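S.K.: Okay, here's the structure, questions in a sec.
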Amino acid sequence: MCARGADGSVGGDAQLDGTDSSPGDDASTRNDRDRGFSLVEVVVTLALAAMLVIPLTSAVFTATSVSSVARSAAQVETALVNAADRVNGAPSRCDYTIYAQAAVQTQGWQPDRASVVVEHYVPGATPDVAGTWQAGGCIGAAPTDLLVQRVTVRVTTPDDKVTRSIQVVKSDV
């Protein structure tokens, strides 16, 4: 026997309750299909995502750190060139610390970021004997004629990560 629908059509397999279901499709099968993700699947997905994110984060941090150090090194080298120019152009003195300190202050750093070591050259007794560098910028209390000096300027960044030095030889000879 066939059931007639509201529109008068005859449908042999239509259920009277108005639901359309195919053979073998019961409520338990639909629930299995619509159940979502299991906890294990979610944990595995998060673990895989973490394995991708951690190296990327590390690479970004490393690049940022390298960039910061390179910027600091460039600032130190600029301060060193500035200090060397100032020392080279300064009149002969026994100490050139003030010139190096002025150079680092142009970078916005404290004066103690620059240090200076001054040595003077003492020639050998004869032309066959090599001379030596001795501590102190002058032989006495003031510069003398024919004075040769070696000025070593050392500059360190405020964060103490980069230190560079340069030597300048000053001579009245």
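Computed from the coordinates by the stated procedures, all read-outs in this text should not be read as laboratory data. These numbers were taken from a predicted model, which means no experiment stands behind them. Heads up, the Cβs are rebuilt from the backbone with ideal geometry, glycines too, and the neighbour counts pull from every protein chain shown.
S.K.: Taking the condition hydrophobic (A, V, I, L, M, F, W, C) and loosely packed, with under 14 Cβ neighbours inside 10 Å, does Ala102 pass?
M.R.: no
S.K.: Surrounded by 13 or more Cβ atoms within 10 Å (Cβ to Cβ), hydrophobic (A, V, I, L, M, F, W, C) and part of a helix (DSSP H, G or I), is that true of Ala79?
M.R.: Values: surrounded by 13 or more Cβ atoms within 10 Å (Cβ to Cβ): yes; hydrophobic (A, V, I, L, M, F, W, C): yes; part of a helix (DSSP H, G or I): yes.
Yes: the conditions hold for Ala79.
S.K.: Inside region 121-158, can you point out the residues that are more than 39 Å from the chain's Cα centre (by Cα) and in a strand (DSSP E or B)?
M.R.: Tyr121, Val122, Thr132, Gln134, Val148
S.K.: Something else: If I filter region 149-163 down to residues being within 17 Å of Asn88 (Cβ to Cβ) and touching a residue at least 40 places away in the same chain (Cβ under 8 Å), which single residue comes out as surrounded by the most Cβ atoms within 10 Å (Cβ to Cβ)?
M.R.: Filtering first and then ranking leaves Val153.
S.K.: How many residues are surrounded by 10 or more Cβ atoms within 10 Å (Cβ to Cβ) and among the hydroxyl-bearing types (Ser, Thr, Tyr) if we restrict to region 34-56?
M.R.: Residues meeting the conditions: 1.
S.K.: I'd like the full set of residues that are touching a residue at least 24 places away in the same chain (Cβ under 8 Å) and not small (Gly, Ala, Ser), limited to region 164-173.
M.R.: Arg164, Ile166, Val168, Lys170, Asp172, Val173
S.K.: If I filter region 103-116 for residues that are outside any strand (DSSP E or B) and basic (Lys, Arg), do I get at least one hit?
M.R.: Yes.
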